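Have a look at the structure below, then the notes.
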Amino acid sequence: MKNIIKFILRMAVVAGIVVGIVFAINHFTGRKDALLVSNKSVDANIVERYVESATDVESYIESNTAKRKRIDALNKINTVLIEYYNHYLTNSIFENSKDEGFAKSIVKEIEILETKIDDTKYYMNLAKSNGISQTERDLRVNNVINFYLAQTEQLFKINDMLKNYVYKVNYKFTSPKSVYEVQLEMIKDYSKYVFDNEINGKINADNLGDTLSSPQQNGFLKVYDKFMNRQKFSVNGDKETKLFDRYSSITNEYLTEFYNHVFDQQGYIESVEDMSMKNNLDALYNYIMQSSF
Amino acid sequence: MKNLKFTIVAVILACLFVFAGCTKASKANLQNCNDLYDDMILKYTLDSQSNKTKYFDDEERVDLYSLNSFGTEIYNYINTINADGSQYYLNTLSKDGEYNVLVHAVSELFLKWKNISFTQEIPQELIKNLYENIESLNGTLKELADRKDMIMTNFENYTDKNSIPMLRSLKEFNKYYLELIQKFFNVSVAYEKIYETVFPSKTLTSLRSGDITKLVLSSELYLAKYYYLKNIVLTNNYTSRFSFENVYNYETNEFVENEYYDANFKQLVEMVNGDAIMGEPEAGNEDKIFYYNAGIQRLENLKNNIANLEYAVSQIKNNNDKNNLYKNFIDELQYEVQGYQAFILNNIMK
């Protein structure tokens, strides 16, 4: 009897050790999605709610006004941000290394975004109420816009974190891995520039003046249209590959300055003296402006 | 006495342990691997009189296309009989069908790897890995040859009412054909690991002969893997017909446009069939160096994404894609792949 008990105990210990080893191997080497996107810890429906939150706000603003134009640009910026978010969220589900701390901080920021979306939606519903005066409605619409701006700012922040997370945990290099990501980065950078300089804190301002022909805003609309209508199956690989190759050697600050000048002064590129920088900007300008893409 | 028994057991165990480390693979060199591959190819060909697999032992060299002839022979028979339920194998087994084309592509890659010249020493572990993968490939070829013989036997007994044994053997054959492609990939990857030690993927200020060759061959390998994973493994569909612009509709008896046609796969096939390397660069060719350095980074990104793709495909096939995330990833990946393919063609191979 004693021997049988000893035997069973030994087997139990061996089994426990084997299970422990298997568990440890799986835990430390198995692929895992730390954001738990595939298990819906990050709510995949957040995008839907984001889009719905400030829906129709522009219909409460007179068309052909500077304010309306800025709201339209803000909607376009958000279209870009959502595509950016979806792209990097998708790529976050693959892990070559782990950073659970970083993943947790992203989840926290997404939770903050969810409350901001709820706020925007709440104030949008208030703005849609019946039986209020035009003055009251205008005030409520301005309020919605402020929450919409806050929501947008939060998504900019999350997107940067998501991208850095994916570069760290998934990619082997800390730079865009494809032409598509370069395109996304360009349009996102330009959107941020326009958001910070033309839109955030400015939509509800008095005396906006006529900004219909602002080079920055018009430039953004042109680049946005190009981005949205780009051929996804690139016919001319050469132009896109040059863009990819050149983009990685251009700094953000230089790009911002480029956008600032490109629609304003075409001769800007010619005046650049550094040959390699000139080639980079030339490729960038051609890519944006030539209709074959 | 007890001590003696323990000593004998210990000595036997030690001998086994040492012997285990002395396999053919662990002592092989690259020439052994090449010879093993050549011998393997020699063995599997057709006896034109009996249409059964014949095993050669002599020096006669056989065209690598003999591997393709497995599928072609079966194709010819199916075409003649036009048995119910067998038509869908026609597309995959035909000479220009995806399976044959992929086998040809990866076997061509092997030949090209063999032809790269270098003087550096290769770690024995990597050569052992290559040898073992060729042995594994040999095992699959044997299975494939046996299944082919089984199909031929079943053809002889075929009647319209007794088609099931033949259909079953066709399905078995296809299963090993898929495995063959995977084993060929494994061999190519083993070869690529060897060349990574000679031509490591890092930024260079000047290019040596062989750098561009290795970049192109690695690119072809991983691009082929992409099409294999996306168009064959993921669909798990023996009717995958992505290399034909038009396909025959057996219900309407006419050729119709193929909704699965993948023109980029065809482009890859042309790349593989074309001249391996379009001339090594002249020394100090700034453009070529620039594109090479950009290329190795993009190739590493592609390799990473092929590993991700493999994982995504397995998740989808196991019904673990509730939010369509893996499907979205695969949909997006095509932009990167096509862009990279164009990059290699326009900037590296010209």
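The values are calculated or read from the model by the stated rules, or taken from the named source; none is laboratory data. Quantities reported herein were computed from a predicted structural model and do not represent experimental measurements. Cβ atoms come from the backbone with ideal geometry, glycine included; neighbour counts cover every protein chain shown.
Annotations
- Note on the range A:87-120: residues that are more than 20 Å from A:Asp225 (Cβ to Cβ) and within 14 Å of another protein chain (Cβ to nearest Cβ) amount to 10.
- Candidates are the residues of the range B:314-350 that are within 9 Å of chain A (Cβ to nearest Cβ) and of a type in the set (Ser, Thr, Tyr); the one that is farthest from A:Phe244 (Cα to Cα) is B:Tyr326.
- Residues that are in a loop (DSSP other than H, G, I, E, B) and not basic (Lys, Arg), drawn from the range A:63-121: A:Ser63, A:Asn64, A:Thr65, A:Ser92, A:Ile93, A:Phe94, A:Glu95, A:Asn96, A:Ser97, A:Asp99
- Residue check for B:Asn305: at pLDDT 90 or above and either crowded, with 17+ Cβ neighbours inside 10 Å or part of a loop (DSSP other than H, G, I, E, B) (or both): yes
- Looking only at residues of the range A:170-205 that are among the basic types (Lys, Arg) and part of a helix (DSSP H, G or I), we find that the one that is nearest to A:Thr152 (Cα to Cα) is A:Lys192.
- Single match in A:Glu136, A:Glu52, A:Glu48 (criterion: surrounded by fewer than 16 Cβ atoms within 10 Å (Cβ to Cβ), within 14 Å of another protein chain (Cβ to nearest Cβ) and part of a helix (DSSP H, G or I)): A:Glu48
- The single condition among (1) at pLDDT below 80; (2) within 23 Å of B:Asn323 (Cα to Cα) that A:Thr29 does not meet is (2).
- Check on B:Glu156, loosely packed, with under 15 Cβ neighbours inside 10 Å and closer than 30 Å to B:Lys193 by Cβ: no
- Residue in the range A:143-152 that is of a type outside the set (Gly, Ala, Ser), touching a helix residue (DSSP H, G or I) at 6+ places or on another chain (Cβ under 8 Å), within 14 Å of chain B (Cβ to nearest Cβ) and surrounded by 15 or more Cβ atoms within 10 Å (Cβ to Cβ) present: no
- Residues satisfying the stated conditions in the range B:292-313, i.e. more than 7 Å from chain A (Cβ to nearest Cβ) and hydroxyl-bearing (Ser, Thr, Tyr): B:Tyr292
- Set A:Thr120, A:Thr90: member being more than 18 Å from A:Ile203 (Cα to Cα), among the β-branched types (Val, Ile, Thr) and crowded, with 19+ Cβ neighbours inside 10 Å: A:Thr90
- Summed over the range A:102-123, the residues that are farther than 24 Å from A:Leu139 by Cα and of a type in the set (Val, Ile, Thr) give a count of 4.
- Of the residues screened, A:Glu198 is one that is more than 14 Å from chain B (Cβ to nearest Cβ), farther than 15 Å from A:Ile82 by Cα and buried (at least 18 other Cβ atoms within 10 Å of the Cβ).
- With respect to the conditions (1) at the interface with another protein chain (Cβ under 9 Å from one of its Cβ atoms); (2) at pLDDT below 85; (3) assigned to a helix (DSSP H, G or I), B:Asp287 falls short on a single one, namely (1).
- Selection status of A:Gly201, at pLDDT 70 or above, of a type outside the set (Ser, Thr, Tyr) and at positive phi: yes
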